[in-house]
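One structure below.
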Amino acid sequence: MPIVVRIDLELAKRKMSVGEFAERVGITPANVAVLKNGRAKAVRFTTLEAMCEVLQCQPGDLLEWVPDNHSA
């Protein structure tokens, strides 16, 4: 998948658990897992905004575009 979610990195930097993050953002730990594992098909801007607010980061700190090996 060309879009990689980097929540783990940001949580590790802040020594924040998935449970605490999920609670503060207002989503379930299961949905955090879906995002972290790259299984999410979409993210609402309101959720992305909440994640950035909780982590005090920019959307680009959480999302990264990685070129697909097949599109060269």
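A few remarks follow.
- For the stretch 1-53, a tally of residues being more than 16 Å from Leu63 (Cα to Cα), β-branched (Val, Ile, Thr) and without any contact (Cβ under 8 Å) to a residue 12 or more places away in the chain returns 1.
To keep it simple, each residue is scored yes or no on (1) at pLDDT 95 or above; (2) loosely packed, with under 11 Cβ neighbours inside 10 Å.
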position	(1), (2)
Met16	yes, no
Gly26	yes, no
Lys36	no, no
Thr47	yes, no
Cys52	yes, no
Cys57	yes, no
Leu62	yes, no
Pro67	no, yes
His70	no, yes
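- Candidates Ala22, Ala40 - the one that is surrounded by 12 or more Cβ atoms within 10 Å (Cβ to Cβ), at pLDDT 95 or above and among the small types (Gly, Ala, Ser): Ala22
The values are calculated or read from the model by the stated rules, or taken from the named source; none is laboratory data. These numbers were taken from a predicted model, which means no experiment stands behind them. Heads up, the Cβs are rebuilt from the backbone with ideal geometry, glycines too, and the neighbour counts pull from every protein chain shown.
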